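S.K.: One structure coming up, written as structure tokens, with questions to follow.
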Amino acid sequence: TPNLDGINENFKPVFKGLKTIQMDVYDTWGELIFTENGETLRGWDGKIKGKESENGNFFCQVSGTTFYGEIITASTTFVLIK
């Protein structure tokens, strides 16, 4: 709910023990609309190309590398509500 109330402004995973992490967000039609990687993530703010996106369904895929070099992945769908 990115509506500037200070609660849930960004969509991002909560994680521990990962050396690196990458998060990709796709719209309903499978178009990549957000990607971010590194040691920490700011998360997706609900904007597409700088403009507020409409309420809707989205898909998120996250992959990370553990300190032991193992690559783990997870994916989920979520709903954006403003």
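The values are calculated or read from the model by the stated rules, or taken from the named source; none is laboratory data. Because the structure is predicted, anything quoted here is derived from the model rather than measured. Don't worry about glycine lacking a Cβ; one is built from the backbone with ideal geometry, like all the others, and counts go over all protein chains shown. Just so you know, the surface numbers come from the protein's heavy atoms only, side chains and all, with ligands and any DNA or RNA stripped out. Shrake-Rupley method; radii C 1.70, N 1.55, O 1.52, S 1.80 Å.
S.K.: Looking only at the stretch 1-18, how many residues end up being of a type in the set (V, I, T) and either in contact with a Cys (Cβ under 8 Å, 6 or more places away or on another chain) or closer than 19 Å to N55 by Cβ (or both)?
M.R.: 2
S.K.: Just a yes or no: is a residue in the stretch 45-54 polar (S, T, N, Q) and more than 13 Å from F11 (Cβ to Cβ)?
M.R.: Within the stretch 45-54 (the criterion being polar (S, T, N, Q) and more than 13 Å from F11 (Cβ to Cβ)), the answer is no, since none of the residues qualifies.
S.K.: Further question: List the strands (runs of 3 or more DSSP E) that sit entirely inside the chain and contain at least 1 residues that are open to solvent by 90 Å² or more (accessible area, probe 1.4 Å) and touching a Phe, Trp or Tyr at 6+ places or on another chain (Cβ under 9 Å).
M.R.: 18-26, 56-66, 71-80
S.K.: If you scan the stretch 1-23, which residues turn out to be under 10 Å from the mean Cα position of the chain (by Cα) and of a type in the set (K, R)?
M.R.: K12
S.K.: Right, something else. Looking only at the stretch 3-32, how many residues end up being touching a residue at least 40 places away in the same chain (Cβ under 8 Å) and farther than 14 Å from K47 by Cβ?
M.R.: 8
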